[in-house]
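For reference, the structure is listed below as structure tokens.
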Amino acid sequence: MTIVTGKAEARRRLQSGRSGALRKIGEHRADYAYVLPAIAVMLIVIAYPIYYTIELSFFKTPPGLQLRDKTFIGFDNYTAILTSEVFWKVTWNTLIWTLGSTLISFVLGFATALALHRAFIGRGVLRAILIIPWVISAVAASYIWKWIYHSDFGIIGAALVGLGLADRPPNFIDSVSTVLPSLIVVNIWREFPFAMIMMMAGLQTVPEQLLRAAQVDGASAWQRFWHVTFPHLRNVSTVTILLLAVANFNSFIIPWIMTGGGPSNASHIWITHIYELAFGRQRWGVASAYSVLLFLILMTLGYFYVRALSGNERKEGSA
Amino acid sequence: MTRITLGSAVLRGTVATALMASLMSTSALGAPPVDLSKWSPEYVRSIAGTQDFDTAADCAKVTPLDYKGRLTFWYQGVFEGDPDLLRQYYKDFFETFRKTYPNIQLEEQALTYNDLLDKFRTALLGNAAPMAVRLQILGGTEFASKGYLQPLKPEDVGYSTEDFWPGAMKAVTWEGVTYGIPTNNETMAFIWNADIFKRAGLDPDKAPATWDDVVKYSKQIHDKLGIAGYGLVARKNAGNTPYRFMPQLWAYGGGVFDEATANPTYEQVKLDSPQSKAALQASYDMYVRDKSVPVSALTNQQADNQPLFLAGQLGMMISHPSDYDVMLDLQKKATGADKDKAQTVIDNMRYGLIPTGPDGKRAVVFGGSNIHILKPEYVEGGKVDEPAAKAIICMWTSPEWSLKMAYAGSNPGNLNGFKTKWMKERLDNIKFLDVTTSMLPYGIPFPALPQAPEIMNIIVPDMLQNALTGAMTVDQAADDAAKKVRDLMGGL
């Protein structure tokens with residue numbers, strides 16, 4: 001390994017690097033021309049809103065004033081958020097929501113994918129049925145589940161009372177202690193088919209000959225899964241988990257339609273809280289600061305997602 | 001709970017009388033078309049059908065009928081809890097407008113009560129608002145105070161300020177300037193199922209006299225029949241919640257500020273007063289202590305109570321006269337035994353005045369909607385077609401259409417509407433209309449403040465939810481809500 005010592009050498013390398021980069025850009029100018037329209041659109045619809053949100057997060061926007069009458073307050077919005085009791089409650093809810101929904105959806109999806117990987121009569125029909133929750137509208141699903149959970153006349157409550165298992169219908173979404181788990185169940189019901197599809201695709205890539213060889217060598221079913229199948233699915237699992245986590249961090253429809261973040265903020269997660277702050281209470285500055293924090297978290301998750309994808313590509317390239 | 005003294009009761013009675021006088025009094029500048037001091041169901045019947053109006057001819061004086069233009073218009077329209085009859089009238093209105101003004105290209109968009117404010121605010125931020133908008137009564141002040149609305153008074157569309165309820169005009173006035181015209185004004189009533197009352201051992205033809213009676217009746221119904229007594233509504237971001245809780249709050253002598261007085265100043269926050277806490281305690285007693293109201297009250301709105309009432313699973317609720325028509329619509333859709341069961345409920349449906357508080361104070365939200373014109377700089381394209389906007393406003397606020405568009409559930413914003421032949425027809429067709437018109441003098445407008453939507457749609461429901469879920473005690477929930485209002489008013 002060469003150790004660079006002199007300033008001149010460093011400058012030379014920098015220049016050479018720059019000219020190398022420019023040369024590469026020149027070589028790929030047609031590629032850049034192809035993606036230019038997309039980049040231009042992204043700058044308008046993504047980059048500017050991000051910039052404006054960051055800018056707005058440093059301003060106070062009282063509900064009685066127009067947005068143009070905002071006043072600069074530096075980091076006060078961030079300080080107010082981080083010192084508020086609601087922030088920690090909503091953050092805790094968001095963590096439970098995201099981790100609970102992501103991990104259980106993944107495990108359930110993976111287990112279903114493994115079950116459906118084997119050939120049996122009716123597999124195609126079952127596969128199609130299991131995809132239904134993922135393809136139907138989240139809005140429609142939320143309203144249906146709201147009635148299923150209805151604390152007075154929900155079908156679950158009626159069944160439990162009818163079977164003599166409860167005196168009165170259980171309180172699913174009108175109680176601060178049960179509302180979040182109840183919403184997570186709905187979210188898992190909707191999301192696990194996505195994990196199932198991803199893992200089913202991953203299972204197709206596991207080399208059959210390796211599994212047979214392991215079987216010949218006397219490996220048990222668990223050993224074959226753990227030492228052969230699972231290592232092959234590591235990358236697709238990472239990508240699936242990251243995609244689910246990002247989607248869950250950004251979830252809005254189910255909690256907003258079913259409970260509006262209530263009762264008593266018990267089902268407010270970041271996105272619903274940001275929406276209420278911005279559109280219900282017109283605290284655009286505070287809502288923007290929340291959004292910036294959420295953006296940083298999602299970018300971190302995005303970084304790991306891209307790394308996982310790159311890992312996949314490197315492996316495929318070296319294979 | 002605080003005991004109300006005789007002196008206090010007299011004082012409150014005086015204030016209530018002064019408020020009624022304020023709502024009903026004539027302006028010094030002109031006489032209203034009806035004598036508000038004589039207001040009673042009998043008087044309303046006596047004036048119905050006494051005058052004819054030619055809407056097209058009246059509006060032609062404001063905007064010529066052959067005027068060529070384009071208008072974008074958003075309005076708070078019908079929603080799932082409204083009767084089919086109202087849907088038909090909305091359809092008729094837009095058809096008639098297009099026939100009357102064939103050269104105005106109208107692009108209208110209906111939004112529900114709970115969606116309109118959020119969407120309108122967002123559009124304003126992007127200078128993409130419609131040229132004219134019909135907003136709930138709660139919203140006008142917010143947008144007027146921010147400078148989004150053009151000054152607009154009844155005289156600008158051919159009517160007189162005295163043609164409208166003085167209380168309604170207050171809701172469209174900000175710092176002495178009028179920014180809109182009331183389209184309809186409503187007060188709700190108390191509805192109960194006489195059959196349920198009878199089976200629960202209550203007088204089937206007598207509404208609970210006080211809110212304390214509502215608590216007692218609700219418990220008795222629940223204990224004897226195992227069904228919900230009173231249709232409490234406590235969902236956040238839903239207009240139904242303040243419309244049902246504020247009458248209770250005011251009746252107990254409480255309030256967010258002093259909005260229940262004749263000349264409110266909105267300076268002192270009263271949500272943490274003993275009277276406000278007593279009102280909240282009554283809700284707590286029904287939901288937590290007695291479990292006599294629907295458990296789903298925290299996530300439900302009135303549209304969810306209607307099927308419960310029709311199914312004979314709910315004893316009492318606050319709502320519009322239109323709920324009778326809604327029940328008829330729902331009954332038509334029922335099948336088999338459900339149809340007969342629904343008919344029994346409809347036959348036993350009774351309307352009465354909303355109960356009073358411990359000192360005899362009766363209150364109801366003076367609700368409704370207003371229509372406004374936006375300033376051009378906030379409108380998509382940067383232009384407002386004022387003659388076109390005034391044409392639709394003239395039609396909607398006319399005696400004819402302000403009556404028809406409020407046919408089943410509300411009352412005409414234009415007082416001349418009470419004199420039309422359609423009012424006479426309505427009195428015959430809409431059952432229990434008398435009761436809600438009788439409630440009009442007890443109407444209290446929401447605070448005419450830009451912060452009112454946040455207070456009514458978020459802070460008050462939050463207070464209810466905090467107390468009813470046990471997240472806070474009644475005292476803590478009221479104190480917390482009062483602090484939030486103080487912070488809000490302090491610009492935090």
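Of note:
- Legend: Rg and Dmax of region A:36-126, from Cα coordinates, 22.9, 67 Å.
- Note on chain A: with neighbouring protein chains present and a 1.4 Å probe, carbon and sulfur make up 68 percent of its accessible heavy-atom surface.
- B:Lys68, B:Lys361, B:Lys332, B:Lys270, ranked by accessible area, largest first (probe 1.4 Å): B:Lys68, B:Lys332, B:Lys270, B:Lys361
- You can think of it this way: the chain between A:Ile131 and A:Gln223 has 30.2 nm of extra reach, that is 0.36 nm per residue less the Cα-Cα gap.
- Apportionment of accessible area to carbon and sulfur, region B:30-74, percent (1.4 Å): 51
- Amide H contacts for B:Thr210 (H built 1.01 Å from N in the peptide plane; partners 5 or more residues away or on another chain; cut-off under 5 Å): B:Thr356.
- Under a model in which nothing but the beta-carbon of Lys, Arg (+1) and Asp, Glu (-1) is charged, chain B shows a dipole of about 500 debye around its Cα centre.
- Ranking B:Lys170, B:Lys91, B:Lys404 by solvent-accessible area of protein heavy atoms (1.4 Å probe, all protein chains present), from largest to smallest, gives B:Lys91, B:Lys170, B:Lys404.
- Fraction of antiparallel bridges per DSSP, the protein assembly as shown only, in percent to nearest 5: 60
- Protection proxy ranking, highest mean first, for peptides B:433-441, B:259-267, B:112-120, A:27-35: B:433-441, B:112-120, B:259-267, A:27-35, where packing is the per-residue count of other beta-carbon atoms within 10 Å, averaged.
- Accessible area of region B:174-330 belonging to carbon and sulfur atoms, whole % at 1.4 Å probe: 47
- For the peptides B:230-242, B:93-105, the ranking by packing is B:230-242, B:93-105, with the highest mean count of neighbouring Cβ atoms within 10 Å listed first.
- Applying 1/(1 + (r/R0)^6) with R0 = 35 Å to the Cβ-Cβ distance of B:Gln105 and B:Glu155 gives a FRET efficiency near 0.85.
- Of all lysines in the structure, those lying under 25 Å Cα to Cα from B:Lys270, and not within fewer than 8 positions of it along the same chain, are B:Lys170, B:Lys236, B:Lys361, B:Lys483, B:Lys484.
- A versus B: buried accessible surface, summed, Å² (probe 1.4 Å, to nearest 100): 3000
- Förster radius 35 Å - calculated FRET efficiency between B:Asn429 and B:Lys38, Cβ distance, rounded to 0.05: 0.90
- 10 Å Cβ neighbours from other chains, averaged over peptide B:296-304: 6
- Remark: for residue pairs B:Lys68/B:Lys431; B:Lys277/B:Lys404; B:Lys333/B:Lys431; B:Lys153/B:Lys419; B:Lys91/B:Lys119, the C-alpha separation exceeds 30 Å in B:Lys68/B:Lys431; B:Lys277/B:Lys404.
- Average partner coverage of A:280-286, which counts Cβ from other chains inside 10 Å: 4
- Loop-located trypsin sites (Lys or Arg not before Pro) in region A:105-165, at most 15 other Cβ atoms within 10 Å (DSSP): A:Arg118
The values are calculated or read from the model by the stated rules, or taken from the named source; none is laboratory data. Here the structure is a predicted model, which is why all the values come from computation and not from measurement. Note: ideal-geometry Cβ built from the backbone for every residue, glycine included; neighbour counts use all protein chains shown. Accessible surface is based on the protein model in full, side chains and every heavy atom, while ligands, DNA and RNA are left aside. Shrake-Rupley method; radii C 1.70, N 1.55, O 1.52, S 1.80 Å.
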